[in-house]
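Heads up, the thing below is written out as structure tokens.
The values are calculated or read from the model by the stated rules, or taken from the named source; none is laboratory data. Just so it is clear, the structure is predicted and the values come from calculations on it, not from any experiment. Here the Cβ positions follow ideal geometry from the backbone for every residue, glycine too, while neighbour counts run over all protein chains shown. Just so you know, the surface numbers come from the protein's heavy atoms only, side chains and all, with ligands and any DNA or RNA stripped out. Shrake-Rupley method; radii C 1.70, N 1.55, O 1.52, S 1.80 Å.
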Amino acid sequence: MTARVEFFFDLSSPWTCLAFHNLPGVLERTGATARYRPILVGGVFNAVNPAVYAAREQTDNRRLQHSWKVLQDWARLADVPMNFPSEWHPAKSIAAMRFCCALEDDQAALGRFARGAFASYFDRQENLDDPAVLAAVADAEGLDGAALAAAAATDPVKARLRANTEEVIARGGYGSPSMFVDGDDMYFGNDQLPLVEAALLRTRA
């Protein structure tokens with residue numbers, strides 16, 4: 001059965017962490033399935049949303065300042081630890097997302113690794129860009145961290161990450177998470193999950 005939801009994601013995004021934890025409830029209530037698609041959100045920003053970088057430089061940006069409160073409010077609601085930002089913010093996520101791409105064909109393993117990596121970065125404040133940290137996360141989730149690190153360094157995995165990133169850009173995505181219902185109905189961010197659920201219920205296959 002084809003997954004009705006495509007979840008394009010980057011592990012460095014706190015809003016993606018929340019959406020990752022909240023999406024399973026949506027899937028359970030609607031009977032839908034999802035496919036998780038790793039991307040490099042920095043590549044998306046560089047291509048179509050460079051204003052993100054400018055906003056980060058504005059220390060008096062009220063919207064950005066308020067977003068930290070809203071983030072913590074959502075984290076409490078979802079019961080997700082959110083010790084963020086840390087000294088590693090903003091994170092370079094290319095190593096982490098290559099780990100994810102190496103697991104993309106095994107969605108169950110990808111889900112376990114992503115959950116562990118989110119906890120590593122947003123709860124324990126570990127360095128998401130450190131391959132040793134990523135390998136330890138994989139080991140803790142019952143995966144072979146050393147083998148995964150080796151696979152993440154291969155050209156096919158690097159090419160898959162580029163291809164996934166280019167695909168989400170071509171389909172209209174501008175950040176993480178970008179979610180598509182039934183192919184072309186796009187939603188963005190944790191806040192839009194109720195709309196994802198409504199779309200799934202409205203067009204239940």
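Looking only at the stretch 66-83, decide whether some residue is touching a His at 6+ places or on another chain (Cβ under 7 Å), farther than 23 Å from Gly172 by Cβ and not polar (S, T, N, Q). Yes, there is a match, as at least one residue in the stretch 66-83 is touching a His at 6+ places or on another chain (Cβ under 7 Å), farther than 23 Å from Gly172 by Cβ and not polar (S, T, N, Q).
With respect to Leu23, is the statement that it is under 18 Å from Asp106 (Cβ atoms), outside any strand (DSSP E or B), in contact (Cβ under 8 Å) with a residue 60 or more places away in the chain and not small (Gly, Ala, Ser) true?
Values: under 18 Å from Asp106 (Cβ atoms): no; outside any strand (DSSP E or B): yes; in contact (Cβ under 8 Å) with a residue 60 or more places away in the chain: yes; not small (Gly, Ala, Ser): yes.
Against the criterion (under 18 Å from Asp106 (Cβ atoms), outside any strand (DSSP E or B), in contact (Cβ under 8 Å) with a residue 60 or more places away in the chain and not small (Gly, Ala, Ser)), Leu23 does not qualify.
Filtering the stretch 69-100 to residues that are more than 30 Å from Thr154 (Cβ to Cβ) and of a type in the set (S, T, N, Q) leaves Gln72, Asn83.
Part of a strand (DSSP E or B), at pLDDT 95 or above and on the phi < 0 side of the Ramachandran plot, is that true of Glu28?
Working: part of a strand (DSSP E or B): no; at pLDDT 95 or above: yes; on the phi < 0 side of the Ramachandran plot: yes.
Here the answer is no, as Glu28 does not meet what is asked.
Going by the conditions given, is Ala135 of a type in the set (A, V, I, L, M, F, W, C) and under 17 Å from Leu11 (Cα atoms)? Judged against the criteria, Ala135 is a match.
For the stretch 55-77, the criterion of being within 27 Å of Asp144 (Cα to Cα), touching a Leu at 6+ places or on another chain (Cβ under 7 Å) and in contact (Cβ under 8 Å) with a residue 40 or more places away in the chain is satisfied by no residue at all.
Are any of the residues in the stretch 72-79 of a type in the set (Asp, Glu), at pLDDT 85 or above, more than 16 Å from Ala119 (Cα to Cα) and outside any loop (DSSP other than H, G, I, E, B)? Taking every residue of the stretch 72-79 in turn, at least one turns out to be of a type in the set (Asp, Glu), at pLDDT 85 or above, more than 16 Å from Ala119 (Cα to Cα) and outside any loop (DSSP other than H, G, I, E, B).
Could you tell me whether any residue of the stretch 37-48 is closer than 13 Å to Thr165 by Cα, open to solvent by 20 Å² or more (accessible area, probe 1.4 Å) and assigned to a strand (DSSP E or B)? Explain how you work it out, then say what you get.
At the first step, the residues of the stretch 37-48 found to be closer than 13 Å to Thr165 by Cα are 37-48.
This time we only want the ones that are open to solvent by 20 Å² or more (accessible area, probe 1.4 Å), so: 37, 40, 42-43, 45-48.
Next, from what is left, pick out any that are assigned to a strand (DSSP E or B): 37.
Yes: one or more hits.
Can you pull out every residue in the stretch 114-127 that is open to solvent by less than 20 Å² (accessible area, probe 1.4 Å), in contact with a helix residue (DSSP H, G or I) (Cβ under 6 Å, 6 or more places away or on another chain) and closer than 16 Å to Asp139 by Cβ? Passing the criteria: Gly116, Ala117, Ser120.
Residues that are over 18 Å from the mean Cα position of the chain (by Cα) and either open to solvent by less than 60 Å² (accessible area, probe 1.4 Å) or within 20 Å of Asn46 (Cα to Cα) (or both) within the stretch 171-205 comprise Gly183, Asp185, Glu197, Ala198, Ala199, Leu200, listed in sequence order. Looking at the stretch 146-162, is at least one residue in contact (Cβ under 8 Å) with a residue 40 or more places away in the chain, part of a helix (DSSP H, G or I), among the β-branched types (Val, Ile, Thr) and open to solvent by 40 Å² or more (accessible area, probe 1.4 Å)? Among the residues of the stretch 146-162, not one is in contact (Cβ under 8 Å) with a residue 40 or more places away in the chain, part of a helix (DSSP H, G or I), among the β-branched types (Val, Ile, Thr) and open to solvent by 40 Å² or more (accessible area, probe 1.4 Å), which makes the answer no. Here Glu6, Glu104 are screened, and the one residue that is outside any helix (DSSP H, G or I) and under 12 Å from the mean Cα position of the chain (by Cα) is Glu6.
Listed by first and then second residue, the pairs linking a residue in the stretch 83-111 that is surrounded by 19 or more Cβ atoms within 10 Å (Cβ to Cβ) to a residue that is in a loop (DSSP other than H, G, I, E, B) and among the small types (Gly, Ala, Ser), with Cβ atoms under 8 Å apart and 6 or more places separating them unless they lie on different chains, are Ala91/Ser12; Ser93/Ser12; Ala96/Ser12; Arg98/Ala153.
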